[in-house]
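**Q** After the structure tokens below, expect a handful of questions from me.
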Amino acid sequence: MARERKPIFEKVPGSGVWYIRYYDDAGRRHCERAGSEASAAEGYKKRARQIEDSVFCPPRSVNKLKFGELMDLAFADRKVRLAPTSYESDLGRAKRLREWFGEMPAAKVTAALIQERIRELCEGGLEGSTCNRYKALVSAMFTFAIKAKKLSHSPMRAVESFREGDGRVRFLDREEEAALRKVIERDCPKCEPELDLALNTGLRRNELFRLRWDQVDLERAILTVQGKRPAKGGGKGQRFVRLNSVAVEALRRLHRQSRGSAWVCPGKHDPPSARDWREWFEDAVKSAGLEDFHYHDLRHTFASRLVMAGVPLAAVQELMGHRFIVTTQRYSHLAPDHQRANVEKLATEYGNSGRLLSIAVGQEK
């Protein structure tokens, strides 16, 4: 009869060095040095939970896996799941991650190390929202590793998020738009229809740069735009953008300029990359003397003008393609008479009586 082997044992009796012995879900036997008897007992329970939860990873394979190798595996998975623009953005951030941790064993990348590296970006001038995107990407790497049984745990729970701003709202006023148009008409008149299209649709720059003519329906005055992320269920995310008369005329002018190109706004790359590297807009903004104004602020201008014209926030949310109304609410203060009627109730109910009370008190004195 075979002797039953204990799961917790000393190889050398009396040495004080304890080991654990266990079998994974495939029946393979593992033996690990654990240190003290108490550590061995806790280590055995931990391995048992990991095996039961199907997240167990053999210690030797964990120690061999470098973070750079983990990134390669994770990005192969992300490429088929993410929208092209999101994937390209993540690739840009991945360069820094590879510089930081690429040659380190993935299991040795600790929460403290991640926090320190990302904090350096924040202290270097990056906004909190951008730093949090780096954090989210690292977290995605570890989540993939656990699902793929490359690692048994993630250090990201101990990594704190960075404070984000209230949301930038910068839009063109009439004088600034006039100055910008004057420069564009002088230096790059062929780009004016693109400006009109951006101001009247709220398209993101990469959406506009990657827009094809087969996505344009001038008869029904509608665009079909691929979303930033795939729709739930694995399908391609898309939204429909309504066109006003200015946008329709801008598209007609762009079509006359396209000379048979499949792209509405052809640039240096055909087909275009995920990012528009043309510099005509930045040059025009600089020449017009506009301060702190970027291409994405044309999208802010679209939303701001809608709200100031009295369009309900729910309608603006749909036109902007925002997933959540809270994103659209950053423009709510621009609505005409926003909350004015509500605070006026205070004046109606209490303002006059409060003034009379103060007068009466003064007379008694």
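Bear in mind that the values in this text are calculations on the coordinates, not laboratory data. Note that the structure is a prediction, hence the values are computed from the model and not measured. Note that we place each Cβ from the backbone using ideal geometry, even for glycine, and neighbour counts take in every protein chain shown.
**Q** For a quick check: with amide H placed at 1.01 Å from N, whose amide H comes under 5 Å from Leu203's, ignoring anything fewer than 5 positions away on the same chain?
**A** Residues meeting the amide H criterion: none.
**Q** Subtracting the Cα-Cα distance from 0.36 nm times the residue separation, let me have the gained length for Ala178 to Glu127 in nm, one decimal.
**A** Extra length from Ala178 to Glu127 when fully extended: 15.3 nm.
**Q** In nm, give the distance between the simple-model label positions of Lys147 and Ala315, each being 7 Å from the Cα along the Cα-to-Cβ direction.
**A** In this crude label model, Lys147 to Ala315 measures out at 4.0 nm.
**Q** Evaluate the charge dipole of the stretch 8-56 about its Cα centre and quote only its size in Debye, nearest 20, assuming +1 on the Cβ of each Lys and Arg and -1 on the Cβ of each Asp and Glu.
**A** So the magnitude is around 120 debye.
**Q** Determine the gain in length on full extension of the stretch Trp280-Arg98; use 0.36 nm per residue of separation and subtract their C-alpha separation, reporting nm with one decimal.
**A** Values: separation 182, 0.36 × 182 = 65.52 nm, distance 3.28 nm.
62.2 nm is the gain from fully extending Trp280 to Arg98.
**Q** Any of Lys6/Lys147; Lys95/Lys286; Lys66/Lys135; Lys46/Lys95; Lys79/Lys135; Lys11/Lys147 with alpha carbons more than 28 Å apart? Name them for me.
**A** The pairs that break the limit, which is 28 Å between Cα atoms, are Lys6/Lys147; Lys95/Lys286; Lys46/Lys95; Lys11/Lys147.
**Q** Roughly how big is the stretch 67-158's charge dipole about its Cα centre, with Cβ charges of +1 (Lys, Arg) and -1 (Asp, Glu), in debye to the nearest 20? If you can, show how the numbers build up before the last one.
**A** On the way: 16 positive and 11 negative charges, 72 e Å.
So the magnitude is around 340 debye.
**Q** Going by amide H atoms built from the backbone, whose H comes under 5 Å of the H on Lys66, apart from near neighbours?
**A** Close amide H contacts, sequence-distant or interchain: Ala106.
**Q** Ranked by Cβ crowding within 10 angstrom, fewest neighbours first, how are Ser36, Ser287 ordered?
**A** Ser36, Ser287
**Q** If each residue's Cβ is checked for other Cβ atoms within 10 Å, how do Ser154, Ser129 rank with the fewest at the top?
**A** With the sparsest Cβ surroundings first, the list reads Ser129, Ser154.
**Q** Starting at the first residue of the stretch 150-163, write each ³J(HN,Hα) from the Karplus equation 6.51 cos²θ - 1.76 cosθ + 1.60 with θ = phi - 60°, in whole Hz, x for Gly and Pro.
**A** Karplus-based 3J(HN,Hα) across the stretch 150-163 equals 8, 9, 9, 7, 10, x, 6, 4, 8, 8, 7, 7, 9, 5 Hz.
**Q** How do Ile118, Ile325 line up, fewest other C-beta atoms within 10 Å first?
**A** So the ranking, lowest neighbour count to highest, is Ile325, Ile118.
**Q** Give the average over all directions of the projected area of the C-alpha convex hull of the stretch 8-56, one decimal, in nm².
**A** Dividing the Cα hull surface by four gives the mean projection, 3.1 nm².
**Q** Suppose every K and R has +1 on its Cβ and every D and E has -1 on its Cβ; what is the size of the dipole of the stretch 16-138 about the Cα centre, in Debye to the nearest 20? Please report the intermediate quantities before stating the final value.
**A** On the way: 23 positive and 18 negative charges, 51 e Å.
Computed charge dipole of the stretch 16-138: roughly 240 debye.
**Q** Next up: At what distance in nm do the modelled label points of Ala41 and Ser245 sit from each other, each positioned 7 Å from its Cα along Cα→Cβ?
**A** Distance between the two pseudo-spin positions: 8.4 nm.
**Q** Residues with beta-carbon under 15 Å from that of Lys147, excluding Lys147: net charge, scoring Lys, Arg +1 and Asp, Glu -1?
**A** Net of charged neighbours comes to +2.
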